[in-house]
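Visitor: Right, I'll just put the structure down here and ask away after.
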Amino acid sequence: MDIGWKIVSTGSAVVAGILANKLLDLGWKAVTGHAPPGDDDGDPSVSFTEIVVFAAVSGAVVGLTRQLAQRGAAKWYGGPVEQTGTLG
């Protein structure tokens, strides 16, 4: 187990998630003119279609940014180091 890779991998995933959420908030507001749907269940101004579209877009953006972050981290760090269990 390569603890350095675990730290780099986790850190890149966290940063990617934060950046993806900021990107989604800004992008949604730029396209629709209002804030993205949130956890407010009682908001009648948000349609079910808007919620579904936001969920699909946010899932794709978060997945893509995490993949790109993992690739960048692996390229920078060299990827996880496999231990063979042999000496020498």
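Visitor: Cα to Cα, under 30 Å, and not fewer than 8 places away if on the same chain: which lysines meet these conditions relative to Lys75?
Guide: Once the sequence-local lysines are set aside, what remains near Lys75 is Lys6, Lys22.
Visitor: Taking only the alpha carbons of the chain, what extent do you get along each of the three principal axes, in Å, biggest first?
Guide: 67, 22, 16
Visitor: Starting from the Cα of Asp2, step 7 Å along the direction of its Cβ; do the same at Leu23; then give the gap between the two resulting points in nm.
Guide: Computed distance between label sites Asp2 and Leu23 equals 2.5 nm.
Visitor: Same structure again: Using amide H atoms built in the peptide plane, which far-off residues or other-chain residues are under 5 Å from Asp2 H to H?
Guide: Counting only residues 5 or more places away or on other chains, the set is Val81.
Visitor: Quick one: what are the phi-derived ³J(HN,Hα) couplings along the stretch 59-65, Karplus 6.51/-1.76/1.60 with θ = phi - 60°, whole Hz, x for glycine and proline?
Guide: Coupling constants for the stretch 59-65: x, 5, 5, 5, x, 5, 5 Hz.
Every number in this text was worked out from the coordinates using simple rules, so none of it is lab data. Because the structure is a prediction, the values reported are computed rather than measured. Note that each Cβ is placed from the backbone with ideal geometry, even for glycine, and that neighbours are counted across all protein chains shown.
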